[in-house]
Amino acid sequence: QVRLVESGGGLAQPGGSLRLSCVSSGSIRYYDMAWYRQAPGKQREFVARLIERTESPVYADSVRGRFTISRDISKRTLFLQMDNLKPEDTAVYLCYQSKDGLPYWGQGTQVTVSA
């Protein structure tokens, strides 16, 4: 079993920045991890992913060039640096980890982008 705890959400102005963190209860060294988001009334959507074997990041078109995913293995933490935020980035951001073929999700952290 894996427990994921997100933090770092809040209110930001358009053009502003936020940095999200996700701490895992277990190792993140050999597992794919990702960020998703869900806005009110909308389906959960993919934001960014780190592929364990290559450490190559993959981004949704809507955030590429503005968001950066990274991780600190020693701290068992996944990050999402969000720059040049837009109102349409408003959502609950959820951390995802795949381990032994099973998906694990955090509870999410709210990000609101508004003037």
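The values are calculated or read from the model by the stated rules, or taken from the named source; none is laboratory data. Quick caveat, the model's predicted, so the values are computed rather than measured. Neighbour counts are summed over all protein chains in view; Cβ atoms, including those assigned to glycine, are modelled from backbone coordinates with ideal geometry. Remember, those area values only see protein heavy atoms, side chains included, never the ligands or the DNA or RNA. Shrake-Rupley method; radii C 1.70, N 1.55, O 1.52, S 1.80 Å.
Filter the stretch 77-114 down to the residues that are modelled with pLDDT of 95 or more, part of a loop (DSSP other than H, G, I, E, B) and open to solvent by 30 Å² or more (accessible area, probe 1.4 Å) and list them by number.
Scanning the stretch 77-114 gives ASP83, ASN84, LYS86, THR90, GLN107, SER114.
Hey, can you tell me all the residues within the stretch 85-96 that are out of contact with any Gly (no Cβ under 8 Å at 6 or more places or on another chain), closer than 17 Å to ARG44 by Cβ and either without any contact (Cβ under 8 Å) to a residue 24 or more places away in the chain or not hydroxyl-bearing (Ser, Thr, Tyr) (or both)?
Those that are out of contact with any Gly (no Cβ under 8 Å at 6 or more places or on another chain), closer than 17 Å to ARG44 by Cβ and either without any contact (Cβ under 8 Å) to a residue 24 or more places away in the chain or not hydroxyl-bearing (Ser, Thr, Tyr) (or both): GLU88, ASP89, ALA91.
Within the stretch 13-30, track down each residue that is more than 12 Å from GLY106 (Cβ to Cβ) and surrounded by 18 or more Cβ atoms within 10 Å (Cβ to Cβ).
Within the stretch 13-30, LEU18, ILE28 meet the criteria.
Could you give me the residue pairs with C-beta distances under 9 Å whose first residue belongs to the stretch 7-31 and is among the basic types (Lys, Arg), whose second residue is in a strand (DSSP E or B) wherever it lies, and which are 6+ apart or on separate chains?
The qualifying pairs are ARG19/PHE79; ARG19/LEU80; ARG19/GLN81; ARG19/MET82.
In the stretch 35-49, what residues are basic (Lys, Arg) and surrounded by fewer than 17 Cβ atoms within 10 Å (Cβ to Cβ)?
Passing the criteria: LYS42, ARG44.
Tell me which residues, restricted to the stretch 50-75, are open to solvent by less than 50 Å² (accessible area, probe 1.4 Å), modelled with pLDDT under 95 and part of a loop (DSSP other than H, G, I, E, B).
If the condition is that a residue be open to solvent by less than 50 Å² (accessible area, probe 1.4 Å), modelled with pLDDT under 95 and part of a loop (DSSP other than H, G, I, E, B), then GLU52 is the only one that fits.
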